[in-house]
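To keep things clear, I will list the structure first and then write my remarks on it.
The values are calculated or read from the model by the stated rules, or taken from the named source; none is laboratory data. No experiment lies behind these values; they were computed from the predicted model shown. Quick reminder, even Gly has a Cβ in these numbers, built from the backbone with ideal geometry, and neighbours come from all protein chains shown. Remember, those area values only see protein heavy atoms, side chains included, never the ligands or the DNA or RNA. Shrake-Rupley method; radii C 1.70, N 1.55, O 1.52, S 1.80 Å.
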Amino acid sequence: QVQLVESGGGLVQPGGSLRLSCSASRNIFSRNGMAWYRQAPGKERELVARITSSGTTYYADSVNGRFTISGDNAMNPVYLQMNRLKPEDTAVYYCYSRVVISVEGAAVEHWGQGTQVTVSS
């Protein structure tokens with residue numbers, strides 16, 4: 001079983017920055033890519049940013065231009081740099097990776113335990 005561990009969350013004032021980190025117990029990101037999701041109280045979990053195995057990135061409109069997803073060649077860990085944070089960015093942030101395990105397309109989803117990000121003055 002692959003373990004994903006997030007770190008770097010905390011309390012920050014509006015306009016501030018945080019960097020989240022996600023490490024995997026096995027190097028699955030370089031072959032499968034990974035994504036950051038977040039879930040605010042009373043809301044559904046939403047995709048924040050994604051990076052593919054080839055390094056292509058995608059961002060939700062709400063964070064585009066403020067957040068950056070990155071990793072080195074080994075892609076372990078993968079980071080989420082969050083700048084110009086807003087109160088509406090407050091949520092539990094999760095890292096996620098979907099690993100294809102068969103040629104027929106069967107896959108296993110891996111989630112981290114989440115890290116709390118609170119943006120408040």
Theoretical gain in end-to-end length, Gln13 to Thr52 [0.36 nm per residue, Cα-Cα removed]: 10.9 nm
In Hz, Karplus ³J(HN,Hα) per residue of region 61-75 (6.51, -1.76, 1.60; θ = phi - 60°; x = Gly, Pro): 4, 5, 10, 4, x, 10, 10, 9, 9, 7, x, 7, 4, 7, 6
With all protein chains present, how much of the accessible area of the chain (probe radius 1.4 Å) comes from carbon and sulfur, to the nearest whole percent? 45
What is the extension gain from Ala40 to Ala106, computed as 0.36 nm multiplied by their sequence separation minus the C-alpha to C-alpha distance, in nm to one decimal? 20.8 nm
1/(1 + (r/R0)^6) with r = Cβ-Cβ of Arg26 and Ser121, R0 = 35 Å, i.e. FRET efficiency to nearest 0.05, evaluates to 0.30
Suppose all protein chains stay in the model; what accessible area per residue would a 1.4 Å probe give for the chain, in Å²? 54
Search the structure for amide H atoms under 5 Å from the amide H of Gly114, placed 1.01 Å from N in the peptide plane, and list their residues when 5 or more places away or on another chain. Glu6, Cys95
Convex hull volume of the chain per residue (C-alpha atoms, cubic angstrom): 103
For Lys86, list long-range residues whose amide hydrogen, built 1.01 Å from N in the peptide plane, is under 5 Å from its own amide hydrogen. Gly15
Short version: what are the Cα gyration tensor semi-axes of region 43-104, square root of 5 times each eigenvalue, largest first, in whole Å? 23, 15, 10
Please compute the contact order of the chain in relative form: average sequence separation of alpha-carbon pairs under 8 Å and at least six residues apart, divided by the residue count, as a percent. 35
